[in-house]
Amino acid sequence: MKTWMKAAATASAMAAGVVFAAPALAQDGSIYIPNLSYRTGPFAATGTPLMNGQRDYITLLNERDGGLNGAKLVYDECETGYNTEKGVECYEKTKANAVVTQPWSTGITLQVLPKSNVDEIPILAPGYGFSAMADGKVFQWAYNPPSSYWDGASMILNHISDNDLSSLSGKKIALLHLDHPYGKEPIPLFEKLAGEHGFTFLPIPVGLTEMQNQAAQWLQIRRERPDYVIMWGWGAMNAGALTEAAKTKYPMDQFLGIWWSGHDGDLKLIGDQGKGYRSISWSVPNSESSLMQDIKTHVVDAGKSQINQAEGEFDSVFYQRGIMISVILVEGIRAAQEEFDTQTPNAEQVRWGLENIKLDEARLKELGAEGMLVPFSTSCADHTGHGGGWMLEWDGSKFVKVSDIIQPDRSAIEPLEEEKAKEYAEANAPWPVNEECEM
């Protein structure tokens with residue numbers, strides 16, 4: 001393994017929150033972790049609480065613990081507006097000193113992915129990105145724990161079929177999805193499972209200009225009368241879809257979404273009319289946990305957070321999911337520190353750390369986050385962990401957990417991961433493959 005060190009960025013502005021300073025020298029003892037964020041544009045309502053959560057966990061460690069094992073964590077945001085072109089610009093702008101990149105868009109992830117083997121900077125995309133990135137043999141620098149989009153699709157189908165997909169035979173399942181790489185990501189698995197189990201799969205795309213006016217899509221839904229509508233929405237699309245569903249009186253107990261379609265703010269727009277809507281989620285908020293209480297004391301009450309307390313953001317699914325995402329990242333960095341006996345691991349060492357994460361129930365309890373994140377572990381060959389997820393249901397005012405952990409059907413997913421990873425490698429040849437990885 002290479003031993004060269006990546007330069008880190010200055011920590012001098014950490015107390016002020018988001019850092020936009022020029023990178024400093026590595027000997028300052030800091031670790032530079034940029035985030036390609038979006039607090040502006042049509043996706044800002046969902047992006048902002050996630051970024052606030054990520055930021056506040058890093059701030060907690062710096063304020064409460066003096067950093068991570070003595071190293072200051074420098075959290076830096078580069079605004080993309082969820083625009084792929086801007087995202088690539090942000091990646092190029094921040095990569096020189098980064099030990100990780102967090103693209104925060106499947107479209108940006110797909111653009112950065114071919115650069116990963118050249119730039120040797122790990123990509124961390126928790127719960128998003130190209131599902132085949134789970135194949136660590138092919139995607140040595142990309143990670144999407146704790147569950148992939150194909151995991152999410154499988155879990156939703158397992159839930160509505162009571163773990164018997166043959167019971168869906170003859171039914172019609174619509175996928176209301178953003179017409180964007182993110183929204184198209186689950187389609188290969190839905191098509192595969194529809195063919196195997198005899199249900200009709202109906203994809204219904206929503207263009208970026210149609211997110212707030214989905215009259216045409218919901219006219220199609222009324223005409224097709226699907227047994228279930230699964231939403232793969234984001235930002236303004238979620239609110240638009242939920243509003244139309246309530247207006248047309250589509251049964252909410254037949255309307256389910258992926259984890260990015262389970263935003264408290266969107267459901268609050270329709271309140272009681274949204275009762276019964278469900279969203280699969282690999283995180284569950286718990287404001288009374290010791291971790292959240294520490295964040296309240298050291299970050300929120302100390303005036304170091306950007307959350308909107310008046311809107312109840314502290315208790316929200318997305319804010320606390322952002323915290324869990326930073327937990328995942330920090331555990332990867334911590335593993336690298338311990339393995340290589342260094343306070344400031346470089347990008348290649350963090351790559352090793354991210355594929356040796358072990359966030360089991362015992363470790364989550366140590367962190368004060370018991371029950372807030374599905375337990376999972378990564379390995380050289382498995383960069384996702386396939387941790388599963390809980391089903392959350394809107395009760396009219398908040399999301400509540402209504403299931404135990406639902407597991408994805410790995411027997412259906414893993415062959416597809418291997419197939420699509422191989423296709424990707426061949427299309428981007430020469431593409432290095434690590435044949436030494438073992439499951």
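For region 59-101, a residue qualifies if it is under 20 Å from residue 324 (Cβ atoms) and touching a Ser or Thr at 6+ places or on another chain (Cβ under 6 Å), and exactly one does: 77.
Quick check on this structure: which one of 210, 196 is part of a helix (DSSP H, G or I) and open to solvent by 10 Å² or more (accessible area, probe 1.4 Å)? Talk me through it step by step, then tell me what you get.
Numbers: 210 fails: part of a helix (DSSP H, G or I).
The unique qualifying residue is 196.
Each residue in region 248-273 was checked for being farther than 18 Å from residue 312 by Cα, in contact (Cβ under 8 Å) with a residue 12 or more places away in the chain and either open to solvent by 20 Å² or more (accessible area, probe 1.4 Å) or among the β-branched types (Val, Ile, Thr) (or both), and 7 of them qualify. Looking for something part of a loop (DSSP other than H, G, I, E, B), outside the structural domain of residue 358 (by TED's automatic domain parsing) and under 22 Å from the mean Cα position of the chain (by Cα) - is there at least one such residue anywhere in region 153-172? Checked against the condition, which is being part of a loop (DSSP other than H, G, I, E, B), outside the structural domain of residue 358 (by TED's automatic domain parsing) and under 22 Å from the mean Cα position of the chain (by Cα), region 153-172 yields no hits at all. State yes or no: is residue 315 surrounded by fewer than 20 Cβ atoms within 10 Å (Cβ to Cβ) and within 22 Å of the chain's Cα centre (by Cα)? Yes: the conditions hold for residue 315. One residue stands out in region 274-305 among those that are of a type in the set (Lys, Arg) and more than 21 Å from the chain's Cα centre (by Cα): the one that is most open to solvent (accessible area, probe 1.4 Å), namely 275.
Here the condition is being at pLDDT 95 or above and over 22 Å from residue 376 (Cβ atoms); of 105, 154, 166, it holds for 166 alone. The set of residues from region 289-317 being small (Gly, Ala, Ser) and part of a loop (DSSP other than H, G, I, E, B) comprises 289, 302, 303, 305, 312, 316.
Per the listing 113, 68, 124, the residue uniquely in contact (Cβ under 8 Å) with a residue 24 or more places away in the chain and closer than 20 Å to residue 304 by Cα is 68. Test residue 109 against the stated conditions and say whether it is under 22 Å from residue 313 (Cβ atoms) and either open to solvent by less than 10 Å² (accessible area, probe 1.4 Å) or under 20 Å from the mean Cα position of the chain (by Cα) (or both). Answer is no for this residue. If you go through region 113-159, how many residues are among the hydrophobic types (A, V, I, L, M, F, W, C) and surrounded by fewer than 20 Cβ atoms within 10 Å (Cβ to Cβ)? Residues meeting the conditions: 1.
Table: residues versus (1) crowded, with 16+ Cβ neighbours inside 10 Å; (2) in contact with a Leu (Cβ under 7 Å, 6 or more places away or on another chain).
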{"position": "394", "(1), (2)": "yes, yes"}
{"position": "398", "(1), (2)": "yes, no"}
{"position": "401", "(1), (2)": "no, yes"}
{"position": "407", "(1), (2)": "yes, no"}
{"position": "411", "(1), (2)": "no, no"}
{"position": "417", "(1), (2)": "yes, no"}
{"position": "420", "(1), (2)": "yes, no"}
{"position": "426", "(1), (2)": "no, no"}
{"position": "435", "(1), (2)": "no, no"}
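Among the residues of region 334-365, what is the count of those that are in a helix (DSSP H, G or I), open to solvent by less than 10 Å² (accessible area, probe 1.4 Å) and touching a helix residue (DSSP H, G or I) at 6+ places or on another chain (Cβ under 6 Å)? Residues in region 334-365 being in a helix (DSSP H, G or I), open to solvent by less than 10 Å² (accessible area, probe 1.4 Å) and touching a helix residue (DSSP H, G or I) at 6+ places or on another chain (Cβ under 6 Å): 4 in total. Considering 361, 393, 338, 418, the condition of being under 17 Å from residue 142 (Cβ atoms) and out of contact with any Cys (no Cβ under 9 Å at 6 or more places or on another chain) is satisfied by 418 alone.
The values are calculated or read from the model by the stated rules, or taken from the named source; none is laboratory data. Predicted, not measured: the structure shown is a model, and the values here were computed from it. Quick reminder, even Gly has a Cβ in these numbers, built from the backbone with ideal geometry, and neighbours come from all protein chains shown. For accessibility, only protein heavy atoms count, side chains too; no ligands or nucleic acids. Shrake-Rupley method; radii C 1.70, N 1.55, O 1.52, S 1.80 Å.
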